[in-house]
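The values are calculated or read from the model by the stated rules, or taken from the named source; none is laboratory data. What you see is a predicted model; the values in this text were computed from it and never measured. With ideal geometry, Cβ positions are generated from the backbone for all residues, glycine too; neighbour counts draw on all protein chains shown.
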Amino acid sequence: MQSLRYLFVAVAILFVAGIAYQVFLAGMAVFGAGVWSSHIDFGYLVTIVPVLLILTAWLAKAGRRTVWLSVVTLVVAQVQTILPWFREDVPWISALHPVNAMVIFGLGIVLARRAWVLARSTSSAAAGSSAPAGQNA
Amino acid sequence: MTAGRPPGEPSPSMSSDQTAGLARLGYVVVAWAFLACLGVQLFLVGLDIFEVTGEDVGIHRDFAYVYGWLAPALVLLGVAARLPRRTLLLTTALLVLFAVQTYLPSLADELPNVAALHAVNAIAVVWISATLAVTVPRRIGPGAEGGGS
């Protein structure tokens, strides 16, 4: 169980780092140091990671709230990929793309913190429960 | 220590306490206003990227100068409010990162890779701003320990 909880931590941190890199790719395209296709291609990759978040959160028994938060992250991440489609017809909706990116990043941070606290608290509890047992032995 | 002062007379520190209280209220209001402006700023950059406002990034840039003064105001309010040292450091970091944020686009021609950090730095600015807006009211609210540490 403990290794699954650390796996959840790893996936959450990976997701947050991926979002940061994705934003960097956008910056590269805006300032002419890169191309938008890099941002688009990596975007489709990183927005799949929340599926792993849901899976690892569920396997790690992170609690209903955390699992649902992972589901919300997946939904918001998928919305992110759809937003640019409105560019021609309703461009102001597409303009929400950077705002939504911050929401996704925030959700990633919240999940990473929850995963970390869960993993650490389990470690502490295990250490706490093993110490008296050792003394009694 | 209060000998010689008639009962009911306000203590000499009352005035500074009131000032700190007002500064704390001001800090919370400004912190939330700054965060709201960052949200608008992100929407404006979206308008620019998706060419709702044309190729010109003027609105996004100009709006930053409209609300940018809130960052140094937060530092001053934080000092006046006698907020905890860690909060003051975080507020100062926000000011520094915001200053860096306004400078980064000027490197677009010479160092476009560095200028691209403008977008990543925006995450840091929003993150710190959100952290301050959410956590400071909790720390200075009723029942919270006094600052100054």
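Can you tell me which residue in the range B:1-28 is nearest to B:THR87 (Cα to Cα), limited to those that are among the β-branched types (Val, Ile, Thr) and at pLDDT 80 or above?
B:VAL28
Does A:ARG65 satisfy the condition of being more than 12 Å from the chain's Cα centre (by Cα), of a type outside the set (A, V, I, L, M, F, W, C) and away from every other protein chain (no Cβ under 14 Å)?
So A:ARG65 passes the test.
Would you confirm, using the coordinates I've provided, whether A:SER123 is more than 24 Å from B:VAL114 (Cα to Cα) and modelled with pLDDT under 90? Full working, then the answer.
Details: more than 24 Å from B:VAL114 (Cα to Cα): yes; modelled with pLDDT under 90: yes.
When the stated conditions are applied, A:SER123 passes them.
When you check B:ALA93 against the structure, is it on the phi < 0 side of the Ramachandran plot, surrounded by fewer than 18 Cβ atoms within 10 Å (Cβ to Cβ) and either away from chain A (no Cβ under 14 Å) or in contact (Cβ under 8 Å) with a residue 40 or more places away in the chain (or both), yes or no?
yes
As an exercise: evaluate B:LEU70 against (1) crowded, with 17+ Cβ neighbours inside 10 Å; (2) within 14 Å of chain A (Cβ to nearest Cβ) and give the number of the one condition it does not meet.
Every listed condition holds for B:LEU70 apart from (2).
Out of the range B:112-143, which residues are surrounded by 19 or more Cβ atoms within 10 Å (Cβ to Cβ), more than 10 Å from chain A (Cβ to nearest Cβ) and not aliphatic (A, V, I, L, M)?
The one that is surrounded by 19 or more Cβ atoms within 10 Å (Cβ to Cβ), more than 10 Å from chain A (Cβ to nearest Cβ) and not aliphatic (A, V, I, L, M): B:SER129.
Of the numbered conditions (1) surrounded by fewer than 17 Cβ atoms within 10 Å (Cβ to Cβ); (2) modelled with pLDDT under 95; (3) out of contact with any helix residue (DSSP H, G or I) (no Cβ under 6 Å at 6 or more places or on another chain), B:LEU83 fails exactly one; give the number of that condition.
It fails just one condition, (1).
From the set of residues in the range A:77-111 that are more than 9 Å from chain B (Cβ to nearest Cβ), farther than 17 Å from B:GLY46 by Cα and aliphatic (A, V, I, L, M), which is surrounded by the most Cβ atoms within 10 Å (Cβ to Cβ)?
By that ranking, first place goes to A:LEU111.
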